[in-house]
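**Q** First the structure, then my questions, so here it is.
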Amino acid sequence: MEHGEAGEAAFDDEMTGMIDAGVLSVPVPLPKGHKAPTATMLSTEKADGRLKCRLVYRGDLQVEGVNYDANELYAPVIDKTSFRMLLATGAAH
């Protein structure tokens, strides 16, 4: 790791956090002929000198039904106030 012990500590913190949050678990066997998507651990130095790591997957290589279930995905991209305004505008017309 390029940041030595500080990088290893940041990596361990990130992995522990993901395990505690239930994001990572025991590996599940993949169907025959499929490979797990590649991942990279990126580290960023914060303004106060701390290191922050994040695990990044290649989402473009994932296959629906194999690597993820589309029914379980949810990614909000609009805040509640803007959404209400959009609904009110639509109802007015």
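The values are calculated or read from the model by the stated rules, or taken from the named source; none is laboratory data. Source: prediction; values computed, not measured. Don't worry about glycine lacking a Cβ; one is built from the backbone with ideal geometry, like all the others, and counts go over all protein chains shown. For the accessible areas, the whole protein counts, side chains as well, though only heavy atoms, and no ligand, DNA or RNA atoms are used. Shrake-Rupley method; radii C 1.70, N 1.55, O 1.52, S 1.80 Å.
**Q** Return the pairs, sorted by first residue and then second, in which the second residue is in a loop (DSSP other than H, G, I, E, B) and exposed (fewer than 13 other Cβ atoms within 10 Å of the Cβ), the first residue lies in the stretch 33-49 and is touching a residue at least 40 places away in the same chain (Cβ under 8 Å), the beta carbons are less than 9 Å apart, and the residues are 6+ apart or on different chains.
**A** If the second residue must be in a loop (DSSP other than H, G, I, E, B) and exposed (fewer than 13 other Cβ atoms within 10 Å of the Cβ), the pairs left are Ser43/Glu2.
**Q** OK, next. State which residue is modelled with the lowest pLDDT when the search covers only the stretch 26-43 and only residues that are open to solvent by less than 100 Å² (accessible area, probe 1.4 Å) and in contact with a helix residue (DSSP H, G or I) (Cβ under 9 Å, 6 or more places away or on another chain). Can you show your working first?
**A** Within the stretch 26-43, the first condition is being open to solvent by less than 100 Å² (accessible area, probe 1.4 Å), and the residues that meet it are 30-31, 33-34, 36-43.
Filter again for in contact with a helix residue (DSSP H, G or I) (Cβ under 9 Å, 6 or more places away or on another chain), leaving 37-38, 41, 43.
On the way: Pro37: 75, Thr38: 81, Met41: 80, Ser43: 81.
Here the residue is Pro37.
**Q** Would you be able to say whether some residue in the stretch 6-18 is of a type in the set (A, V, I, L, M, F, W, C), touching a Cys at 6+ places or on another chain (Cβ under 7 Å) and surrounded by 10 or more Cβ atoms within 10 Å (Cβ to Cβ)? Working first, answer last.
**A** Initially, the stretch 6-18 is screened for residues of a type in the set (A, V, I, L, M, F, W, C), giving 6, 9-11, 15, 18.
Still in the list and also touching a Cys at 6+ places or on another chain (Cβ under 7 Å): 10-11.
After this cut, where a residue has to be surrounded by 10 or more Cβ atoms within 10 Å (Cβ to Cβ) as well, the list is 10-11.
Yes, there is a match, as at least one residue in the stretch 6-18 is of a type in the set (A, V, I, L, M, F, W, C), touching a Cys at 6+ places or on another chain (Cβ under 7 Å) and surrounded by 10 or more Cβ atoms within 10 Å (Cβ to Cβ).
**Q** Quick check: is even one residue across the stretch 71-79 on the phi < 0 side of the Ramachandran plot, of a type outside the set (Lys, Arg) and in contact with a Pro (Cβ under 8 Å, 6 or more places away or on another chain)? I'd like the intermediate steps shown before the answer.
**A** Going residue by residue through the stretch 71-79, those that are on the phi < 0 side of the Ramachandran plot are 71-79.
Next, only the ones that are of a type outside the set (Lys, Arg) stay: 71-79.
Next cut, in contact with a Pro (Cβ under 8 Å, 6 or more places away or on another chain) only: none.
So far as the stretch 71-79 goes, no, none of its residues is on the phi < 0 side of the Ramachandran plot, of a type outside the set (Lys, Arg) and in contact with a Pro (Cβ under 8 Å, 6 or more places away or on another chain).
**Q** Just to verify a result, which residue in the stretch 44-93, among those that are closer than 30 Å to Glu5 by Cβ and of a type in the set (Gly, Ala, Ser), is least open to solvent (accessible area, probe 1.4 Å)? Break it down into steps so the answer makes sense when it comes.
**A** Going residue by residue through the stretch 44-93, those that are closer than 30 Å to Glu5 by Cβ are 44-58.
From what is left, the residues that are of a type in the set (Gly, Ala, Ser) are 47, 49.
On the way: Ala47: 118, Gly49: 44 Å².
Within the stretch 44-93, the match that is least open to solvent (accessible area, probe 1.4 Å) is Gly49.
**Q** Here are Glu14, Glu5: which of them is modelled with pLDDT under 80 and assigned to a helix (DSSP H, G or I)? Give the derivation first.
**A** On the way: Glu14 fails: modelled with pLDDT under 80.
None of the others qualify; the one that does is Glu5.
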